[in-house]
Amino acid sequence: MALSTIQPQLTSVDLFKVDAETAEPEILHEVLTGAPKVAIHNIFVEYHGIAARKYLTEELHPKHDVHLCSVSSDRQGTLLFVLKDLAR
C-alpha cells in the first residue's frame, strides 16, 4: 500500500520502527516527505554504517531530539528520535 493512500487517514504515529539492513535512510526519507503532516512521536532506528547514522541524525534533528540507545560498533547501533514537543 502506498504511503499516499494511508496518509490521509493518519494524524499521528506513536512509534515508527525501522531496521532495514542499510535502507533506513531511504525509508525514512520516503516517510517524512510522503507524509509531512503526520506527527511521528518516536522513531526507533537500527542503523548500519557511519554515513547512515550521520544522515539520520541530520535529517531528523530539526523536529526530533536524538537519544542514543546503543552502539554495537562504530558502524552499527540503535537510535531513538523523540518528537521535540514530546521530549519537553
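Taken together, the values in this text are just the output of simple stated rules run on the coordinates, not laboratory data. Just so you know, these numbers come straight off a predicted model, no measurement behind them. Every residue, glycine as well, gets a Cβ built from its backbone with ideal geometry; the counts of neighbours run over all protein chains shown.
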**Prompt:** If a residue has to be over 14 Å from Lys54 (Cβ atoms) and surrounded by fewer than 13 Cβ atoms within 10 Å (Cβ to Cβ) to count, how many in the range 70-86 make the cut?
**Reply:** 6
**Request:** Could you grab me the full set of residues in the range 32-82 that are assigned to a helix (DSSP H, G or I) and aliphatic (A, V, I, L, M)?
**Result:** Leu32, Ile50, Ala51, Ala52, Leu56, Leu60
**Request:** Identify, from the list Leu28, Leu83, the residue that is within 18 Å of Leu15 (Cβ to Cβ) and in contact with a His (Cβ under 9 Å, 6 or more places away or on another chain).
**Result:** Leu83
**Prompt:** Exactly one of (1) of a type in the set (Val, Ile, Thr); (2) surrounded by 16 or more Cβ atoms within 10 Å (Cβ to Cβ); (3) under 22 Å from Gln9 (Cα atoms) is unmet by Val45. Its number?
**Reply:** (3)
**Asked** Here is a list of conditions, (1) over 9 Å from the mean Cα position of the chain (by Cα); (2) surrounded by 12 or more Cβ atoms within 10 Å (Cβ to Cβ); (3) not in a strand (DSSP E or B), and His29 meets all of them except one; can you say which number that is?
**Response** (1)
**Filtered residue count, the range 46-73, keeping only those that are of a type in the set (Lys, Arg) and in contact (Cβ under 8 Å) with a residue 24 or more places away in the chain** = 1
